[in-house]
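Working notes, beginning with the structure itself.
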Amino acid sequence: MNKQLKAALALGATGVLALTGCSTSSGSESGETISVNAFSVMEAANEPVFEDFVGTDAGEGMSVGDFTTSYGASGDQSRAVEAGADADVVHYSLETDVTRLVGDGLVAEDWKDNATNGIATSSVVVFVVRSGNPEGIETWDDIVEPGVEVITPNPGSSGSARWNILAAWAHITGNGGTEDEARDFVTSLLDNTIALPGSGREATTAFTDGSGDVLLSYENEAILAKQSGADIDYVVPPDTLLIENPAAVTVDADETAQAFLDFMTSPEAQADYAQSGFRPVVDGVDVGEVEGANDPADPFPTPEELFTIDDDFGGWGEAADLYFGDGEDGNPLGIITELQQETGKVGEE
């Protein structure tokens, strides 16, 4: 069994589907520690990356215990750092959760000036279904059929939820539909939604505990759940949205934190992340077989149509307020926020 899968299963035995996790350090030989603040689904995936980093020259004298970690819903994590929570490296679901910290002077304005444009991990939106897919869910149209019970996280707190909902929107507009048709489609999706938990990890927990017929989720989250023993399957729909998760160092972080950020997008670390179900963001990664994938030998098939936030929504700088604006300071409600209020599906506080 490879070390990445061991790490995932070890976390599974102690509650891999918990919302948050924290490790503390008693002090490394080098005196270095790195505080990582990240969105919830990174909890298991980071363990082998920490292990490999301490084996590099940059991590010499450190141990895995010298990483202090905090995990939770992406927006909540970002707001916590904004309010003073400790962080050397931030890794979130959405670009807007990093740019919030840029606006507060906590992350440098040039954080995207690197080979991956600031992206550390990537995935796609998938449908997580019951083992054997008893409802026969294969396409977006299947999940808006009457009686299908959907779970997706709350867009108000979860980055995963925003990717999910925009993937549904793109299914209509990216295939020639109008904005009104997209509104109708998302309304039908929300009408079928029985729960909007606070984070992607909480949503997975709700589904694996028995709620719902289908969960909208990251591909990597589905793979991790299967690695951890969940009796589920997942479907990559014919058209879906590319998920890109940004990472950055804070302005007060030292050179070791920067070295770790750089390591995150190295072929070695990307191979670790691939074993947890993330699609590599750089070339030259030896992925190997990925346990839990639909086809372990070909774990990341190319969808028939792959939408992107930049090409199909004008980037997060434009999409965030247009779709998810909260109406504060006299600004209009975002389209999805408005639809949530109209359907009464505003999520869990």
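If only residues of the stretch 142-175 that are part of a loop (DSSP other than H, G, I, E, B) and within 16 Å of the chain's Cα centre (by Cα) are counted, the one that is modelled with the highest pLDDT is Thr152. Within the stretch 198-215, residues that are in a helix (DSSP H, G or I) have Cβ atoms under 7 Å from residues that are of a type in the set (Phe, Trp, Tyr) in these pairs: Gly200/Tyr218, counting only partners at least 6 apart in sequence or on another chain. Among the residues of this structure, Asp76 does not count as one that is closer than 15 Å to Thr250 by Cα and within 14 Å of the chain's Cα centre (by Cα). Residues that are assigned to a loop (DSSP other than H, G, I, E, B) and either more than 19 Å from Thr256 (Cα to Cα) or among the aromatic types (Phe, Trp, Tyr) (or both) are absent from the stretch 57-72 altogether. Residue count for the stretch 155-192 satisfying the condition of being under 20 Å from Asn220 (Cβ atoms) and among the polar types (S, T, N, Q): 4.
Kindly evaluate Asp312 against the criterion of being at positive phi, part of a helix (DSSP H, G or I) and either surrounded by fewer than 20 Cβ atoms within 10 Å (Cβ to Cβ) or β-branched (Val, Ile, Thr) (or both).
Judged against the criteria, Asp312 is not a match.
Within the stretch 267-290, being among the small types (Gly, Ala, Ser) and in contact with a Phe, Trp or Tyr (Cβ under 9 Å, 6 or more places away or on another chain) holds for Ala269, Ala274, Gly277. Of the residues screened, Gly136 is not one that is modelled with pLDDT of 95 or more, surrounded by fewer than 24 Cβ atoms within 10 Å (Cβ to Cβ) and more than 14 Å from Leu215 (Cα to Cα). Looking across the stretch 285-299, not a single residue is closer than 19 Å to Ser131 by Cα, surrounded by fewer than 18 Cβ atoms within 10 Å (Cβ to Cβ) and of a type in the set (A, V, I, L, M, F, W, C). Suppose we filter the stretch 288-315 for residues that are more than 18 Å from Lys226 (Cα to Cα) and either in contact with a helix residue (DSSP H, G or I) (Cβ under 8 Å, 6 or more places away or on another chain) or of a type in the set (Gly, Ala, Ser) (or both); how many remain? Going through the stretch 288-315 one residue at a time, the tally reaches 6.
Scanning the stretch 264-276 for residues that are surrounded by 19 or more Cβ atoms within 10 Å (Cβ to Cβ) and either in contact with a strand residue (DSSP E or B) (Cβ under 7 Å, 6 or more places away or on another chain) or in a helix (DSSP H, G or I) (or both) gives Met264, Thr265, Ala269, Gln270, Ala271, Asp272, Tyr273, Ala274, Gln275. Without any contact (Cβ under 8 Å) to a residue 60 or more places away in the chain, under 20 Å from the mean Cα position of the chain (by Cα) and outside any helix (DSSP H, G or I) - does that describe any residue in the stretch 111-118? Yes, the stretch 111-118 has at least one match. Does Gly105 satisfy being at positive phi, surrounded by fewer than 22 Cβ atoms within 10 Å (Cβ to Cβ) and either touching a helix residue (DSSP H, G or I) at 6+ places or on another chain (Cβ under 9 Å) or touching a residue at least 12 places away in the same chain (Cβ under 8 Å) (or both)? Judged against the criteria, Gly105 is a match. Give the stretch 178-191 a look and list any residue that's touching an Asp or Glu at 6+ places or on another chain (Cβ under 9 Å) and closer than 21 Å to Val124 by Cβ, or say none. Across the stretch 178-191, the qualifying residue is only Phe185.
The set of residues from the stretch 198-229 being hydroxyl-bearing (Ser, Thr, Tyr) and closer than 16 Å to Lys345 by Cβ comprises just one member, Ser211.
The values are calculated or read from the model by the stated rules, or taken from the named source; none is laboratory data. All values derive from a computational prediction rather than experimental measurement. Neighbour counts are summed over all protein chains in view; Cβ atoms, including those assigned to glycine, are modelled from backbone coordinates with ideal geometry.
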